[in-house]
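> Starting off with a structure, shown below.
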Protein chains: 2
Amino acid sequence: MHKTTKAIPSIFTLANLLLGVLSLIYTQNKEWQLAAIMILGAMVLDGMDGRLARRLEATSAFGKELDSLCDLVSFGVAPALLAYSKVLYVWSSVGMIIAIVFSLCGAIRLARFNILNITGYFVGVPITAAGSLVALLILAGHYLHPYVYPVVMVVLSFLMVSNIKVPKY
Amino acid sequence: MHKTTKAIPSIFTLANLLLGVLSLIYTQNKEWQLAAIMILGAMVLDGMDGRLARRLEATSAFGKELDSLCDLVSFGVAPALLAYSKVLYVWSSVGMIIAIVFSLCGAIRLARFNILNITGYFVGVPITAAGSLVALLILAGHYLHPYVYPVVMVVLSFLMVSNIKVPKY
């Protein structure tokens with residue numbers, strides 16, 4: 001296969017990471033809405049790279065590794081930092097621990113799923129879904145009680161490392 | 001082998017990620033010194049998990065995956081955000097691009113090295129070395145010209161994805 005075709009899915013994956021890093025920069029500048037939108041943009045790109053790789057018959061071990069790496073940043077670390085800076089910080093160290101646990105559970109989920117080589121369904125709630133939900137909750141911030149964030153994040157952390165089976169669409 | 005023994009190296013790896021996330025939080029709070037020290041702490045832990053896994057005969061595919069994931073956060077994203085927030089921001093979008101490229105090159109380096117399965121030497125400068133050097137330069141901030149940061153980060157980005165062989169100690 002042409003080398004350029006083979007690189008296309010990875011370009012989408014790297015764009016996913018780019019949005020993840022941008023989200024962290026926006027979080028730092030206290031631009032919460034933009035930070036959340038970057039995560040949702042990363043979700044769109046993440047849905048495209050795998051599908052594109054299969055359609056172009058360009059799936060590769062490199063692409064799979066890169067995908068997990070970028071997912072941890074865009075859907076584990078970026079949403080955790082965003083939630084911490086926007087809301088969780090009011091509970092000081094407890095808020096910090098919740099943000100850190102969310103990131104750690106995301107990493108465990110990714111490492112575990114990668115070595116299982118399961119197709120057809122997910123084991124544990126995918127980090128993409130968990131991180132995107134946190135971003136959506138930040139966007140819906142005006143309508144929610146602040147306690148929603150720590151509760152949802154603790155539940156999502158648990159669901160990511162659980163053995164729950166989630167169907168793939 | 002006892003399950004607890006097998007988990008020990010992964011606990012060190014997760015502690016590495018914990019310090020990476022803490023570094024991002026300190027960066028956000030403009031506590032640059034602490035943010036840099038977290039990255040250097042992560043470097044110490046990163047040197048220990050692999051060695052410990054081999055000594056305990058507890059190496060695993062899970063541990064290897066987890067290690068790469070955590071390394072991208074602690075030595076790719078955390079140093080990039082730290083350098084951006086402390087220095088690179090003065091060059092606005094150019095500074096932002098340098099920070100993003102550093103993270104992307106780190107991800108490419110990790111994904112590529114993981115699938116090569118080479119032992120004995122590294123291909124491309126390891127992300128751990130690159131990220132730790134950035135942290136050290138931040139600590140040495142008072143003695144350095146600001147231009148050192150963008151130049152060093154561009155060179156490190158290139159070296160991470162290069163085919164240069166680096167001996168393992």
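The values are calculated or read from the model by the stated rules, or taken from the named source; none is laboratory data. Note that the structure is a prediction, hence the values are computed from the model and not measured. Neighbour counts are summed over all protein chains in view; Cβ atoms, including those assigned to glycine, are modelled from backbone coordinates with ideal geometry. Accessible surface is based on the protein model in full, side chains and every heavy atom, while ligands, DNA and RNA are left aside. Shrake-Rupley method; radii C 1.70, N 1.55, O 1.52, S 1.80 Å.
> Between chain A and chain B, with a rotation axis joining them, whose C-beta in A is nearest that axis, and what is the whole-Å distance?
So the closest residue, with its distance, comes out as A:Gln28, 3.
> Hey, what number do you get for the protein assembly as shown at 222 nm if only DSSP H runs of n ≥ 4 count, each worth -39500 (n - 2.57), divided across all residues, to the nearest 500? Before the final figure, lay out each step's value.
Values: 14 runs with 244 residues, N = 338.
Using -39500 (n - 2.57) per qualifying helix, the result is -24500 deg cm²/dmol.
> A further question on this structure: Placing +1 on the Cβ of each Lys and Arg and -1 on the Cβ of each Asp and Glu in the protein assembly as shown, which of B:Leu14, B:Tyr26, B:Leu40 has its Cα farthest towards the positive end of the resulting dipole?
Selected residue: B:Leu14.
> Placing unit charges on C-beta atoms (Lys and Arg positive, Asp and Glu negative, everything else neutral), compute the dipole magnitude of the protein assembly as shown about its Cα centre in debye, rounded to 20. Numbers along the way, then the final one.
Values: 24 positive and 14 negative charges, 114 e Å.
Taking the Cα centre of the protein assembly as shown as origin, the dipole is about 540 debye.
> Follow-up. Given the options B:Val134, B:Val148, B:Val44, state which has the largest fluctuation in a GNM of chain B using a 10 Å cut-off (strictly under) for Cα springs.
B:Val148
> Using only atoms on other chains, find how many Cβ atoms lie within 10 Å of each Cβ of peptide A:23-33 and report the average. Spell out each step's value before the answer.
Numbers: counts 0, 11, 8, 0, 3, 9, 3, 1, 0, 0, 0.
Shielding by partners across A:23-33 averages 3.
> Bin by bin, in steps of 5 Å, what percent of the Cα pairs in chain B do you find, going until the bin that has the longest distance?
Result returned by the calculation: 2, 9, 18, 21, 20, 14, 9, 5, 2, 1, 0.
> Same structure, new question: Charges at C-beta only: +1 for Lys and Arg, -1 for Asp and Glu. How large is the resulting dipole of chain B about its Cα centre, in Debye rounded to 20?
For this selection, approximately 300 debye.
> Can you compute the radius of gyration and Dmax for region B:1-42, using only the Cα atoms, both in Å?
Radius of gyration, then largest Cα-Cα span, for region B:1-42: 13.3, 45 Å.
> Roughly how many Å² of B:Phe158 are accessible to a 1.4 Å probe, to the nearest 10?
About 140 Å², rounded to the nearest 10.
> If the elastic network links every pair of Cα atoms under 10 Å, which of B:Gly47, B:Gly20, B:Gly131 fluctuates the most in the Gaussian network model of chain B?
B:Gly47
> Also, quick follow-up: Please compute the Cα-Cα pair-distance distribution of region A:1-87 with 5 Å bins starting at 0, giving whole percents from short to long.
3, 17, 26, 19, 14, 10, 7, 4, 1, 0
> May I pose another question? Would you work out which of A:Ser60, A:Val166, B:Leu159 lies farthest towards the positive end of the dipole of the protein assembly as shown, given +1 charges on the beta-carbon of Lys and Arg and -1 on that of Asp and Glu, about the Cα centre?
About the Cα centre, the residue reaching furthest to the positive side is A:Ser60.
> With viscosity set to 0.692 mPa s and temperature to 37 °C, compute the Stokes-Einstein D of the protein assembly as shown, Rh being the Kirkwood radius across alpha carbon pairs; µm²/s, no decimals. Display every interim value, and only then the final one.
On the way: Rh = 19.8 Å.
Using the Kirkwood radius from Cα pairs, D works out to 166 µm²/s.
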